Amino acid sequence: DTRGVIAGKIQTILDNMRDKGVLYMEGKDCITGYAYHEIYDWDLYFETLFLSYFGVHKFCRNNVELFLDTQHPSGFVARTIREVRQRHPFKPFLAQTALLGSRQRRDFRWLEGKYFDRLKKYLDYWFWHCDADKNGLCFWDGSDASGMDNQVRRLGHMNVMEYEGVDLNCYLVRELDAMVEIANALNRAAEAAGFAAHAAALRAKINEVFWDEEDGFYYDRSERTGKLNKIKSIAGFIPLWIG
């Protein structure tokens, strides 16, 4: 029976996450999908998304707090915990992870104050420090920082800090959308309106800059040349995720 095989495989994954993936760090249970116990940024989001289907939500809060408690005064949050990569910020999934857990708990109060402010500051880091030409679009440090480690032709090597990623800016839209919902839940209507306006402007900019009408595809853009880098990849489909 196919359903039985699939159910068995899912149970194996859950058992492995419970037995090998749960760490006790800084006074709280945290989750990782790696046997060597490094905790990564978007991996955390997809791990907690998977667990959410089984009613497990505590890691959304615990892991988000773990990362935000390491925040630099600049707003920078590293994408790793054990081996910090100083020029690789946490990919834009912190607010989405916080929102996922808060929805399940039906409780946003843990974000009020410190953690809401730190989420805002981490987004400010992206939009200020990772947008050298100040056109409203952020760049990746390189392919490794994007999580698509081998896409060097698309994003360059580590530390080139050149290519505005269509995927990156779509993730940032989703973070802004998450911040709208979080701000509204915390009765911060003015801030919610600000996040919504920023998300709308970024959506428009993504279509204006990254879309190539002739090819019918979204590409990344080089800040150095101002031209689209016409390397097709899965990133060109990420705009579908933001409508």
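The values are calculated or read from the model by the stated rules, or taken from the named source; none is laboratory data. This is a predicted model, so every value here is computed, not measured. In this analysis, Cβ positions are derived from the backbone assuming ideal geometry, glycine residues included, and neighbour counts consider all displayed protein chains. The accessibility values were calculated without ligands, DNA or RNA, using every heavy atom of the protein model including side chains. Shrake-Rupley method; radii C 1.70, N 1.55, O 1.52, S 1.80 Å.
Would you call R203 within 23 Å of T97 (Cβ to Cβ) and charged (D, E, K, R)?
Yes; evaluated as a whole, the condition is true for this residue.
Within segment 104-130, count every residue that is within 25 Å of F54 (Cα to Cα) and touching a helix residue (DSSP H, G or I) at 6+ places or on another chain (Cβ under 8 Å).
Filtering segment 104-130 for residues within 25 Å of F54 (Cα to Cα) gives 104-111.
Right, trim to touching a helix residue (DSSP H, G or I) at 6+ places or on another chain (Cβ under 8 Å) and you get 104-105, 108, 110-111.
Within segment 104-130, residues that are within 25 Å of F54 (Cα to Cα) and touching a helix residue (DSSP H, G or I) at 6+ places or on another chain (Cβ under 8 Å) number 5.
Taking segment 2-43 as the search range and keeping residues that are of a type in the set (D, E, K, R) and in a helix (DSSP H, G or I), which one is nearest to R82 (Cα to Cα)?
Filtering segment 2-43 down to residues of a type in the set (D, E, K, R) leaves 3, 9, 15, 18-20, 26, 28-29, 38, 41, 43.
Still in the running and in a helix (DSSP H, G or I): 3, 9, 15, 18-20, 41, 43.
Working: R3: 38, K9: 29, D15: 24, R18: 20, D19: 20, K20: 17, D41: 12, D43: 15 Å.
Selected residue: D41.
Name, by its number, the condition in (1) assigned to a helix (DSSP H, G or I); (2) closer than 19 Å to T80 by Cβ; (3) open to solvent by less than 30 Å² (accessible area, probe 1.4 Å) that does not hold for F46.
(3)
Residues are listed down the side, and each one gets a yes or a no for (1) β-branched (V, I, T); (2) surrounded by 19 or more Cβ atoms within 10 Å (Cβ to Cβ); (3) touching a strand residue (DSSP E or B) at 6+ places or on another chain (Cβ under 9 Å):
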site: D107; (1), (2), (3): no, no, no
site: F116; (1), (2), (3): no, yes, no
site: K134; (1), (2), (3): no, no, no
site: Q151; (1), (2), (3): no, yes, no
site: N159; (1), (2), (3): no, no, no
site: L168; (1), (2), (3): no, yes, yes
site: L172; (1), (2), (3): no, yes, no
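Collect the residues in segment 212-230 that are under 22 Å from M161 (Cα atoms) and either open to solvent by less than 70 Å² (accessible area, probe 1.4 Å) or touching a residue at least 12 places away in the same chain (Cβ under 8 Å) (or both), keeping them in residue-number order.
Y218, Y219, D220, R221, S222, E223, R224, G226, L228, N229, K230 - these are the residues of segment 212-230 that are under 22 Å from M161 (Cα atoms) and either open to solvent by less than 70 Å² (accessible area, probe 1.4 Å) or touching a residue at least 12 places away in the same chain (Cβ under 8 Å) (or both).
Does K91 count as basic (K, R) and over 22 Å from V173 (Cα atoms)?
When the stated conditions are applied, K91 does not pass them.
I'm told G33 meets every condition in (1) open to solvent by less than 60 Å² (accessible area, probe 1.4 Å); (2) free of Cβ contacts under 8 Å to residues at least 24 places away in the same chain; (3) out of contact with any helix residue (DSSP H, G or I) (no Cβ under 7 Å at 6 or more places or on another chain) except one. Can you identify the failing condition by its number?
In the conditions (1) open to solvent by less than 60 Å² (accessible area, probe 1.4 Å); (2) free of Cβ contacts under 8 Å to residues at least 24 places away in the same chain; (3) out of contact with any helix residue (DSSP H, G or I) (no Cβ under 7 Å at 6 or more places or on another chain), G33 misses (3) alone.
Out of D141, D107, D131, D149, report the one residue that is in a loop (DSSP other than H, G, I, E, B), touching a residue at least 40 places away in the same chain (Cβ under 8 Å) and either of a type in the set (D, E) or more than 30 Å from N207 (Cβ to Cβ) (or both).
Step by step, each of D141, D107, D131, D149 is checked, and only D141 is in a loop (DSSP other than H, G, I, E, B), touching a residue at least 40 places away in the same chain (Cβ under 8 Å) and either of a type in the set (D, E) or more than 30 Å from N207 (Cβ to Cβ) (or both).
Determine if segment 27-38 includes at least one residue that is more than 14 Å from L100 (Cα to Cα), modelled with pLDDT of 90 or more and in contact with a Pro (Cβ under 7 Å, 6 or more places away or on another chain).
no
Would a scan of segment 69-92 turn up a residue that is in a helix (DSSP H, G or I), open to solvent by less than 50 Å² (accessible area, probe 1.4 Å) and of a type in the set (A, V, I, L, M, F, W, C)?
No, because not a single residue in segment 69-92 is in a helix (DSSP H, G or I), open to solvent by less than 50 Å² (accessible area, probe 1.4 Å) and of a type in the set (A, V, I, L, M, F, W, C).
Just to be sure before I move on: is I242 closer than 14 Å to E164 by Cβ, open to solvent by less than 40 Å² (accessible area, probe 1.4 Å) and touching a residue at least 24 places away in the same chain (Cβ under 8 Å) in the structure I sent?
So I242 does not fit the description; no.
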